[in-house]
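The values are calculated or read from the model by the stated rules, or taken from the named source; none is laboratory data. Everything numeric in this text was worked out from a predicted model, so none of it was measured. Heads up, the Cβs are rebuilt from the backbone with ideal geometry, glycines too, and the neighbour counts pull from every protein chain shown.
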Amino acid sequence: MPAKVRALVIALILGAVASAIGETLQLLPLNVFPIANRIADLVAHVGIIDYAGRLGYGAPAYETDPNPNLGIINVDDITYKKLGFPFPRCKYGTLLEKLEAAGAKIVVFDIDFIDPSRFGPQDDPCFARGLRLVPSVLAYSINTAANGQLGVQAVDPVLRPYAKAMGFTTIDTPGGYLIGQPVEIDTGGSGTNSNERLFSLAAAGVAAYAGKPLNFAAIPLYRGAMVLLPPRVQHLQDIATGTETLHVNFPGRGVMSFSDAIGDSATDLRTFAGGAMIYVGGTATALNDFEVTARGRDPGLFINARFADQMMRGYYLHTAPLWFDVLLAIAFPLLAALSFTLMRTGYAIFTSLFATLIYAYVNLGVFVKELIWVDLIHVVGAMILGTMFVAIYRVINEGSQRRMVTNLFGMHVSHAVVEDILKQDDPKGALALRGKRVKATIFYSDIRGFTSMSETMTPEEIYTQLNEYFEEMCNIIFEHGGYVDKFIGDCVMAVFSAPYQTPDDAKNAVIAAVRQQEKILELSAKWKAEGKKEFTVGMGINTGEVVMGNLGASSRMNYTVIGDNVNVAARLYNVAKGGEIIISETTYAECSAIVEVDEREPVAVKGKTRPIAIYNVKGLKKSGAPSTPPELQPA
């Protein structure tokens, strides 16, 4: 499989794995792993509303604009200290009398009146007299039994006839108030409360306020519930009294303490309640009527009032279709993974993360401004996972390829060539390790009289002098873009140029050979002064088509060249005498503009039907200069 295709397949597989993780969490039931399912996604969305202004979205109207038709009367800590709780229901009758005088349109009690009053037989009739004065909605509780039957804890029969409407306040559906509340429940055809249509307290209250049934079909639901946009609650602590006063941001009429409402401030009450729907409930700490929402633990009173506020003003959260959320969680991680096959790792990581930030910003903007809930954390999480998976794979794979390239070429070519190879998207593929036919210039050099010279030297002296010689020769080869293929005893084999070929390979090879002969003369003078043996070197160069690639066994390979033209180069260096550079006619044809030569007698080469023309390089023409890249120019 080609390297690019393999990289694409692996990237897509890793992207698919990231998508699968995101999809699994996205589709979990609401009561399973809520820290990472869709509940967590809603919490993340709601959390950004508090920073909407800073992020440039603008403050949403449902957070800042008052609802002029809604007010809250609160059994707060102050009321609790004055009256205790529960207090006689006659107090509610008194409140209703005052609200009737103040012109309240409807009163919704977020307090359960299930059992008869504990304050004597006259308490409920006192409350009932108030219920006759102002249309009121009373609350009751529901629960689901272990067998799935719905249980209703109905309003006290003494009070029920006087209620304008009734609605349930509690829910035991998965997700609870973190998600929302059903606006209506059909009990079905079995159980004690069979074939009943039950409405939430907020729905019953808003319908009573409007004077007509609600169009429930127009209310968008998510898994059977109207999604809650939780209120922002202010906690005001009175240090002197040790009491806490809670305020909620959305009602236009504000929040009034129950103890104040039943006091003598009738003028203030008229301003507060006239023509409005008034919610009555408790937030006193001792009542423990708090529920977990996407903004934290809030009083149940404020939550139910918020549902009413949403229905009164039409602030409904619309959820994207499930198929759309699923598509995003699949497509985006795959695209993030695909980017790694189109660009380098660093650019791909940056592009993927930038795209993730753009998606998150647009997603949250759509939520804040348009009230459309499109999955965020699972799509973003899958994108980040896909990016991370493919990035780790690329780093590991590129590290392996870097080590392979360094092992193959680190000691054979210049550092610039190695870096150039490593810059490739597919360094291994760039080397064509399986072998390819290319035009290259092959260089051989051999020390003349080395065998007889070594007989008079110790092994340590031989190794020291050879290493010094090889070091200088290799540096010159590297400077001119050559690849040192191998050392054969005192012989050096090099290729111009591997793994990449240039039009000036033959010129660079000849220039390198001339520079080497010059360097050998310098070394000889130095060795003579040090009392060491001197020697000369014969060199042969041939240009032609060869097969270049990795050759050897799976356990040990060498990047090299093979072919007839390699053999010709080997024949030429054997012809060369000490200090000579013998080049073939093909090499001379490419560098004739820069060299001075003497033509020699043609030589026979094994496998050739006729002798080949050869030339001895006398030196470089002063006006000749190869058009090589700066990093390959002679020092």
Problem - Qualifying position, being part of a helix (DSSP H, G or I), touching a helix residue (DSSP H, G or I) at 6+ places or on another chain (Cβ under 6 Å) and on the phi < 0 side of the Ramachandran plot, among Lys528, Lys533, Lys507 - result: Lys507
Practice task
Return the total of residues in the stretch 466-516 being crowded, with 21+ Cβ neighbours inside 10 Å, of a type in the set (S, T, N, Q) and over 21 Å from Gly544 (Cα atoms).
Solution key: 1
Practice task
Please indicate, with yes or no, whether at least one residue in the stretch 433-448 is modelled with pLDDT of 85 or more, within 23 Å of Glu522 (Cα to Cα) and among the hydroxyl-bearing types (Ser, Thr, Tyr).
Solution key: yes
Handout entry: Residue count for the stretch 202-218, restricted to those that are among the small types (Gly, Ala, Ser) and farther than 10 Å from Ala165 by Cβ
Key = 5
Practice task
Evaluate the stretch 556-564: report whether one residue or more is among the polar types (S, T, N, Q), surrounded by fewer than 16 Cβ atoms within 10 Å (Cβ to Cβ) and within 22 Å of Lys436 (Cβ to Cβ).
Solution key: yes
Exercise for the section: Scan (1) closer than 23 Å to Ala336 by Cα; (2) hydrophobic (A, V, I, L, M, F, W, C); (3) not in a loop (DSSP other than H, G, I, E, B) for the single condition Leu42 breaks and write down its number. Expected result: (1)
Handout entry: Breaking point among (1) outside any helix (DSSP H, G or I); (2) under 21 Å from Asn475 (Cβ atoms), for Val514
Key = (1)
Completion exercise
The condition of being under 21 Å from Thr293 (Cα atoms), among the polar types (S, T, N, Q) and surrounded by 15 or more Cβ atoms within 10 Å (Cβ to Cβ) holds, among Asn69, Asn74, only for Asn74
Practice task
Residues being loosely packed, with under 15 Cβ neighbours inside 10 Å and in contact with a Leu (Cβ under 8 Å, 6 or more places away or on another chain): count how many of those fall in the stretch 205-222.
Solution key: 1
Practice task
Tell me which residues, restricted to the stretch 514-569, are of a type in the set (S, T, N, Q) and at pLDDT 90 or above.
Solution key: Gln516, Gln517, Ser524, Thr536, Asn542, Thr543, Asn565, Asn567
Practice task
Answer yes or no as to whether Phe307 is under 37 Å from the mean Cα position of the chain (by Cα) and either hydrophobic (A, V, I, L, M, F, W, C) or assigned by TED's automatic domain parsing to the domain that holds Ile48 (or both).
Solution key: yes
Practice task
Considering only the stretch 1-30, state which residues are assigned to a loop (DSSP other than H, G, I, E, B) and either in contact with a Lys or Arg (Cβ under 8 Å, 6 or more places away or on another chain) or more than 25 Å from Ile372 (Cβ to Cβ) (or both).
Solution key: Met1, Pro2, Leu28, Leu30
Problem - Residue match in the stretch 573-581 (condition: in a strand (DSSP E or B), over 59 Å from the mean Cα position of the chain (by Cα) and at pLDDT 95 or above) - result: yes
Problem - Condition check for Gln401: touching a helix residue (DSSP H, G or I) at 6+ places or on another chain (Cβ under 6 Å), surrounded by fewer than 16 Cβ atoms within 10 Å (Cβ to Cβ) and modelled with pLDDT under 65 - result: no
Problem - Candidate set: the stretch 421-431, residues that are surrounded by 15 or more Cβ atoms within 10 Å (Cβ to Cβ) and either in a loop (DSSP other than H, G, I, E, B) or over 46 Å from the mean Cα position of the chain (by Cα) (or both); chosen: the one modelled with the lowest pLDDT - result: Leu431
Exercise for the section: Determine, yes or no, whether Ser445 is part of a strand (DSSP E or B), in the same structural domain as Gly549 (by TED's automatic domain parsing) and of a type outside the set (Asp, Glu). Expected result: yes
Problem - Residue that is surrounded by the fewest Cβ atoms within 10 Å (Cβ to Cβ) [pool: residues in the stretch 270-292 that are assigned to a strand (DSSP E or B) and at pLDDT 90 or above] - result: Gly282
Fill in the blank from the handout: Met453 meets each of (1) at pLDDT below 90; (2) surrounded by 21 or more Cβ atoms within 10 Å (Cβ to Cβ); (3) in the same structural domain as Phe496 (by TED's automatic domain parsing); (4) aliphatic (A, V, I, L, M) with one exception, condition (2)
Completion exercise
Those residues of the stretch 231-269 which are at pLDDT 90 or above and assigned to a loop (DSSP other than H, G, I, E, B) amount to Ile262
Fill in the blank from the handout: Flagged in the stretch 301-316 as buried (at least 22 other Cβ atoms within 10 Å of the Cβ) and not basic (Lys, Arg), in numbering order, are Leu301, Phe302, Ile303, Asn304, Ala305, Phe307, Ala308, Asp309, Gln310, Met311
Completion exercise
Conditions (1) within 30 Å of Ile384 (Cβ to Cβ); (2) surrounded by fewer than 19 Cβ atoms within 10 Å (Cβ to Cβ) -> Ala11 fails only (2)
Handout entry: Residues (over 27 Å from Thr64 (Cβ atoms) and free of Cβ contacts under 8 Å to residues at least 40 places away in the same chain) located in the stretch 253-302
Key = Gly263, Asp264, Ser265, Thr267, Asn288
